[in-house]
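The values are calculated or read from the model by the stated rules, or taken from the named source; none is laboratory data. As the structure is a computational prediction, the values presented were derived from the model and not from experiment. Cβ placement follows ideal geometry from the backbone for every residue including glycine, while neighbour counts extend to all protein chains displayed.
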C-alpha cells in the first residue's frame with residue numbers, strides 16, 4: 001500500500017499501534033448483510049455494506065458509520 | 001453520560017414521540033393504514049410527483065422515523081436527477097486508518113458509482129473534492145470508475161484536491177476549481193512495506209507513472225509540464241513539488257475552469273442536455 005498525501009504520515013498513522021484491535025461482526029439488517037462494530041445502547045455502527053445490489057449502496061440508512069439497531 | 005434513551009426496559013414517559021414502541025403501538029400518534037390512498041407508494045412511476053407524505057402532529061412519517069432511529073430529524077428533500085459524490089479527507093485504501101482521519105471509503109464509493117451508472121433516474125454526477133490524497137490504488141480505482149461512466153460527470157475542487165485527488169479531479173468530463181482551492185503535486189514517497197533495494201525506486205517510479213499517465217490522459221497538461229511541477233524545488237517547505245491555487249491549475253491545463261457550485265451544476269445540466277440530444281450516446 002502506498003499513501004500519496006501531503007499530510008505528515010505521523011499524523012495519519014497516529015495511534016495505529018495504541019488502539020485496541022477493533023472487533024467486527026456480520027449481521028443481517030433489512031435483508032442486507034453488514035459488517036458492523038458494536039456501538040453503545042445495543043446499536044451497531046456500519047463498517048461495510050456486504051451486498052451485490054448496487055442500489056443498496058445509495059440507501060442513506062446504510063452508509064458507513066451509520067448506526068443501526070438489529071431487528 | 002446520557003441515560004434513558006434506547007434502554008430495553010421502557011420507562012421513559014416523556015411527552016415526546018421518541019419511544020421504543022413502534023408506530024403501530026401508538027394508534028393516537030400515528031394511525032397508519034398501508035392501504036389508504038394518498039400514501040406514497042414505492043412502486044410509483046419515477047416520473048410522477050410522489051404524493052404528499054401523511055402528516056402527524058406537524059411532522060411527516062419520515063421525520064418521526066428518523067428521530068426514532070437516528071435521533072435526528074432530516075427533512076425529506078425532493079429527488080434530484082443529479083447525484084453528488086463527495087470525496088473528503090483521506091481516500092482510504094487497503095488499510096483502515098486510525099479514527100482521527102476523515103476518510104472516503106473506496107469499497108463503498110465504487111458500488112455507489114455502479115448504482116449511479118445503472119439507475120435510470122440519475123442523469124449526471126457532480127463530484128465534490130476536498131481531499132488530502134490517500135491510497136494510490138484506491139484513488140486510481142475511483143478515477144477509473146468515474147472516467148468510464150457513460151453519464152455526464154463534473155468535478156469541483158473546493159479547498160483542496162491534493163496528491164491522489166488530482167487524478168480524481170481530472171477524471172470527470174469537465175472539471176472546476178474554486179478560486180482559493182489548492183492542489184499539491186509532489187512525487188510519491190516511500191512508505192508502507194517497501195524494501196530498500198534499487199528495485200524500490202523502480203517500483204515507486206512505476207506507481208508514479210500510473211498517476212502521471214492518468215492525469216495527462218484526462219487533462220490538457222502534458223507529461224513534461226506535470227513532471228516539472230512534481231519535482232520543482234523551493235515551493236514546498238518539507239518536500240519537493242508544487243502547489244497550484246485556483247487559476248494556476250487552469251493555466252497549467254490541469255483543470256478546465258475556475259468556478260463554484262453554480263457553474264458546476266450549470267455545466268452538468270448542459271452536458272445532460274447534450275447527451276439527451278445525442279440520444280444517450282457516451283460523451284467519450
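The table that follows gives values for the structure above.
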{"read-out": "Residues being within 27 Å of residue B:200 (Cα to Cα) and either more than 8 Å from chain B (Cβ to nearest Cβ) or surrounded by 15 or more Cβ atoms within 10 Å (Cβ to Cβ) (or both) - total across the stretch A:15-52", "value": "1"}
{"read-out": "Among (1) crowded, with 22+ Cβ neighbours inside 10 Å; (2) assigned to a helix (DSSP H, G or I), the one test that residue B:117 misses", "value": "(1)"}
{"read-out": "Pick from the stretch B:88-107, criterion out of contact with any helix residue (DSSP H, G or I) (no Cβ under 6 Å at 6 or more places or on another chain) and more than 7 Å from chain A (Cβ to nearest Cβ), ranking: surrounded by the most Cβ atoms within 10 Å (Cβ to Cβ)", "value": "B:104"}
{"read-out": "Count - residues of the stretch B:146-161 that are closer than 17 Å to residue B:213 by Cα and either surrounded by fewer than 20 Cβ atoms within 10 Å (Cβ to Cβ) or at the interface with another protein chain (Cβ under 10 Å from one of its Cβ atoms) (or both)", "value": "2"}
{"read-out": "Tally of residues being under 13 Å from residue B:186 (Cβ atoms) and free of Cβ contacts under 8 Å to residues at least 24 places away in the same chain across the stretch B:235-252", "value": "3"}
{"read-out": "Strands (runs of 3 or more DSSP E) (entirely within the stretch B:163-282) containing at least 1 residues that are modelled with pLDDT of 90 or more and within 14 Å of another protein chain (Cβ to nearest Cβ)", "value": "B:182-185, B:242-245"}
{"read-out": "Residue count for the stretch A:56-67, restricted to those that are loosely packed, with under 14 Cβ neighbours inside 10 Å and in contact with a helix residue (DSSP H, G or I) (Cβ under 7 Å, 6 or more places away or on another chain)", "value": "0"}
